[in-house]
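The values are calculated or read from the model by the stated rules, or taken from the named source; none is laboratory data. Keep in mind that what you see is a predicted model, and the values were worked out from it rather than measured. Virtual Cβ from ideal backbone geometry, glycine too; neighbours counted across all protein chains shown. Please note that ligands, DNA and RNA were not included when accessible areas were found on the heavy atoms of the full protein model with its side chains. Shrake-Rupley method; radii C 1.70, N 1.55, O 1.52, S 1.80 Å.
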Amino acid sequence: MTQSVVVQVGQCGNQVGCRFWDLALREHAAAAPKGIYDEALSSFFRNVDTRSGGDSPDIYKGKICSLKARALLIDMEEGVVNEILQGPLRDVFDSKQLITDVSGSGNNWAVGHKLYGCRYRENIVEKLRKTAEHCDCLQCFFIIHSMGGGTGSGLGTFVLNLLEDEFPEVYRFVTSVYPSGEDDVITSPYNSVLAMRELNEHADCVLPIENESLFDIVNKIHQMTNSGKLGSTVKQNSLVTSSANSTKAVQEKPFDAMNNIVANLLLNLTSSARFEGSLNMDLNEISMNLVPFPRLHYLVSSLTPLYTLADVNVPSRKLDQMFSDAFSRDHQLIQADPKHSLYLACALLVRGNVQVSDLRRNIERLKPSLHFVSWNQEGWKTGLCSVPPVGHSHSLLALANNTCVKPTFIELKDRFMKLYKKKAHLHHYLHIDGMEQSCFAEAVSSLSDLIEEYNELDATKNGPRTDPPRLKIAV
C-alpha cells in the first residue's frame with residue numbers, strides 16, 4: 001500500500017492538520033479496535049519502537065507500539081505548534097519533524113517565501129527526505145496552508161516548489177484556505193495573488209476552501225441543532241468539534257468547527273488510500289481524471305452530510321438526498337454554484353454500505369441537470385470505500401473541476417487591484433531581498449490568464465453538445 005506525507009504550514013495549516021490527525025486516529029481506532037498495525041494505518045502513520053535509543057526503528061507488523069504521524073510541521077511563530085506539543089496529540093508528532101521560528105512572517109508573503117524560504121531551505125529539504133525515507137511507496141504530499149497570512153502563503157508555496165524540485169514524481173495536493181472579503185489582514189489580497197501564481201505553476205491539484213463558506217456551514221449546523229432538526233440522537237458536546245464543550249462554544253469559537261470541516265474533507269479524500277473498498281480510487285487517479293489541462297487543477301469540494309464531524313451520531317440522510325446535496329450551493333466549501341456552471345470533470349467518493357448500482361443510478365438521475373464540456377460528457381470518476389466515517393452509515397465527497405471557481409478568482413483579483421493601483425503597502429514587500437515589483441505584475445498576470453482560460457470554457461457552455469467528427473477511420 002502507498003503512503004502519504006502531510007506538510008502543515010503556518011497557523012491555519014497546523015490547526016487544520018491537528019484536527020486531521022485527531023479524527024484519523026478516531027477512524028482507525030473504530031475500524032481496527034484490536035490495536036494491530038496494518039496497511040491502513042501505515043498509509044499515514046509509522047509504528048515506531050521507542051524503547052531503542054537514537055533513531056527509533058519502524059515496526060511493520062504486529063501490535064501498535066508508538067504511532068508517529070507522517071508529517072512535517074512548519075510555522076514561523078511557535079504558538080500553535082507549542083499548543084499541539086502540549087496537547088493530547090503531543091506523542092503523535094516526531095520532535096525531529098518540527099521547524100519553528102519566533103518572529104513570524106508579519107502577514108507578508110515576501111518574508112515567508114523569500115526570507116524564511118532561503119533561511120530554512122536546507123533544513124526543510126533534510127526533514128522532507130527523512131520523512132520520505134520512512135515510506136515504502138511514497139505517493140503524495142498534502143500541503144495544508146492558508147492564503148491570507150505570510151507564513152502559510154509565502155513559506156507554504158516555497159515548500160511546494162521544493163517538493164517539485166526534490167520529489168518530481170510524487171503528487172502534490174494542496175489544501176488552500178482563502179480569506180474572506182472582510183479579512184482583518186489588509187495585505188491578504190497581495191499574499192493570496194502572489195501565492196496563486198505558485199499554485200498555478202507547481203501544484204498537481206488544489207482544493208480551494210473559503211473561510212466564508214466554512215463559517216456559513218458552521219452557522220447552518222448550529223441553527224439546525226437549535227431548531228432540533230438534527231434529531232435527539234445528537235450529542236450536544238460533540239456536534240462540530242470534539243474540543244468544544246457545547247454548541248455555545250461553537251458560536252463563540254467557530255474556528256475549531258471550521259477546521260474540523262476541512263479535516264473531514266481530507267479524511268474522505270484519503271479514505272480509499274487507507275481502507276478497503278469495492279471500487280477504490282487512488283489519489284493519482286484524481287489528478288489523472290479530473291485535470292485535463294495543467295493549470296486548471298482547482299477542484300471544488302462538497303461534503304455531505306455536513307455534520308460528518310468528530311464523534312457525532314446523527315440520523316442518516318437518505319442516500320439519494322445525499323447525492324443531491326453534494327451538488328447544491330449550500331454544501332460547497334467555496335462560495336459557488338456548480339450546477340449553473342460548466343463541469344470539466346467530477347469525482348464522487350462514497351463511503352459506507354453503498355452499492356455500485358446506487359452510484360450509477362444517482363449519476364444518471366443528476367446528469368440532465370449538470371452542464372459538462374462537450375468533449376467530456378461522461379467525465380465521472382467514482383470511488384467506493386467500505387468503511388464509513390465514525391457514527392455514520394455513509395458519506396459523500398464530491399470533487400468538481402468546474403468553472404464556478406472563477407468568481408472567487410475574479411473577486412481576489414479585484415481586491416488585489418484596489419491596493420495595487422495605489423501602490424499601497426508595497427514598500428513592506430519590496431525591502432525584502434529578492435522581491436521586486438515585477439513579482440506583483442507577474443502574479444496578477446498569471447491570475448488573469450487563469451481567469452481567461454475559464455472564460456474561454458464558459459463561452460462554450462451553450463454550444464453544441466458534441467464536437468463535429470475530426471477524423472474518419474477507414475476500416
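Here Thr408 meets each of (1) under 25 Å from Leu306 (Cβ atoms); (2) modelled with pLDDT of 95 or more; (3) in contact with a helix residue (DSSP H, G or I) (Cβ under 8 Å, 6 or more places away or on another chain) with one exception, condition (3).
Taking Ala345, is it in contact with a Pro (Cβ under 9 Å, 6 or more places away or on another chain) and at pLDDT 90 or above? It would help to see each step written out before you state the result.
Numbers: in contact with a Pro (Cβ under 9 Å, 6 or more places away or on another chain): yes; at pLDDT 90 or above: yes.
Yes: the conditions hold for Ala345.
Checked against (1) open to solvent by less than 40 Å² (accessible area, probe 1.4 Å); (2) under 29 Å from Leu303 (Cβ atoms); (3) at pLDDT 95 or above, Arg415 passes all but condition (1). Against the test of being open to solvent by 60 Å² or more (accessible area, probe 1.4 Å) and modelled with pLDDT of 95 or more, the options Arg70, Arg119 yield a single qualifying residue, Arg119.
Select from the range 442-475 the residues that are polar (S, T, N, Q) and more than 20 Å from Asp414 (Cβ to Cβ) and write down the one among them that is modelled with the highest pLDDT. I'd like the intermediate steps shown before the answer.
Here is the first cut: in the range 442-475, the ones polar (S, T, N, Q) are 445-446, 448, 455, 460, 462, 466.
Next, from what is left, pick out any that are more than 20 Å from Asp414 (Cβ to Cβ): 460, 462, 466.
On the way: Thr460: 89, Asn462: 70, Thr466: 47.
Restricting to residues being polar (S, T, N, Q) and more than 20 Å from Asp414 (Cβ to Cβ), the top hit is Thr460.
Over 20 Å from the mean Cα position of the chain (by Cα) and part of a loop (DSSP other than H, G, I, E, B) - does that describe any residue in the range 16-30? Scanning the range 16-30 turns up no residue that is over 20 Å from the mean Cα position of the chain (by Cα) and part of a loop (DSSP other than H, G, I, E, B). Taking each residue of the range 417-446 that is in contact (Cβ under 8 Å) with a residue 40 or more places away in the chain and looking for partners that are open to solvent by 60 Å² or more (accessible area, probe 1.4 Å) with beta-carbon atoms closer than 6 Å, six or more apart or interchain, yields Ile432/Leu115; Ala443/Arg197; Ser446/Arg197.
Residues in the range 101-116 that are of a type in the set (Ser, Thr, Tyr) and surrounded by fewer than 16 Cβ atoms within 10 Å (Cβ to Cβ): Ser103 only. Looking only at the range 201-210, filter to residues that are under 21 Å from Leu138 (Cβ atoms) and not in a loop (DSSP other than H, G, I, E, B); which one of those is most open to solvent (accessible area, probe 1.4 Å)? It comes out as His202. Summed over the range 415-467, residues that are of a type in the set (Asp, Glu) and within 18 Å of Asn401 (Cβ to Cβ) total 5. In this structure, is Arg90 assigned by the TED database to the domain that holds Ile186, of a type outside the set (A, V, I, L, M, F, W, C) and at pLDDT below 95? So Arg90 fits the description; yes. When each of Thr233, Thr247, Thr241 is tested for being open to solvent by 60 Å² or more (accessible area, probe 1.4 Å), closer than 22 Å to His331 by Cβ and at pLDDT below 85, the lone residue that passes is Thr233.
Only one residue in Gly181, Gly156 is assigned by the TED database to the domain that holds Gln11 and in a loop (DSSP other than H, G, I, E, B). Which one? Steps first, answer last, please.
On the way: Gly156 fails: in a loop (DSSP other than H, G, I, E, B).
Selected residue: Gly181, the only one of Gly181, Gly156 that is assigned by the TED database to the domain that holds Gln11 and in a loop (DSSP other than H, G, I, E, B).
Within the range 186-205, residues that are under 12 Å from His425 (Cβ atoms) have Cβ atoms under 9 Å from residues that are open to solvent by 10 Å² or more (accessible area, probe 1.4 Å) and charged (D, E, K, R) in these pairs: Ser188/Arg415; Pro189/Asp183; Pro189/Lys413; Pro189/Asp414; Pro189/Arg415; Pro189/Lys418, counting only partners at least 6 apart in sequence or on another chain. In the range 1-41, of all residues being hydrophobic (A, V, I, L, M, F, W, C), in contact with a strand residue (DSSP E or B) (Cβ under 7 Å, 6 or more places away or on another chain) and farther than 18 Å from Cys140 by Cβ, the one that is surrounded by the most Cβ atoms within 10 Å (Cβ to Cβ) corresponds to Cys12. If the condition is being open to solvent by less than 50 Å² (accessible area, probe 1.4 Å) and either under 24 Å from Tyr429 (Cβ atoms) or in a loop (DSSP other than H, G, I, E, B) (or both), then the range 164-176 contributes Phe167, Val170, Val174, Ser176. In the range 177-200, the qualifying residues are those that are open to solvent by 10 Å² or more (accessible area, probe 1.4 Å) and polar (S, T, N, Q), and the one that is farthest from Asn107 (Cα to Cα) is Ser180.
Listed by position, the strands (runs of 3 or more DSSP E) contained in the range 326-402 that have at least 2 residues being open to solvent by 20 Å² or more (accessible area, probe 1.4 Å) are 380-385. Where residues in the range 137-153 are open to solvent by 10 Å² or more (accessible area, probe 1.4 Å) and either part of a strand (DSSP E or B) or among the β-branched types (Val, Ile, Thr) (or both), which of them is nearest to Leu333 (Cα to Cα)? By that ranking, first place goes to Ser146. Given the conditions (1) surrounded by fewer than 20 Cβ atoms within 10 Å (Cβ to Cβ); (2) modelled with pLDDT of 85 or more, and given that Leu265 satisfies all but one, which numbered condition is not satisfied? The one condition Leu265 does not meet is (1). Look at Ser213 and say whether it is part of a helix (DSSP H, G or I), crowded, with 19+ Cβ neighbours inside 10 Å, modelled with pLDDT under 95 and assigned by the TED database to the domain that holds Val16. It is true that Ser213 is part of a helix (DSSP H, G or I), crowded, with 19+ Cβ neighbours inside 10 Å, modelled with pLDDT under 95 and assigned by the TED database to the domain that holds Val16.
Those residues that are open to solvent by 10 Å² or more (accessible area, probe 1.4 Å) and among the hydrophobic types (A, V, I, L, M, F, W, C), I need them from the range 279-300; list them, please.
Going through the range 279-300, the residues open to solvent by 10 Å² or more (accessible area, probe 1.4 Å) turn out to be 279-280, 282, 284-285, 287-289, 291-295.
Result: Leu279, Met288, Val291, Phe293.
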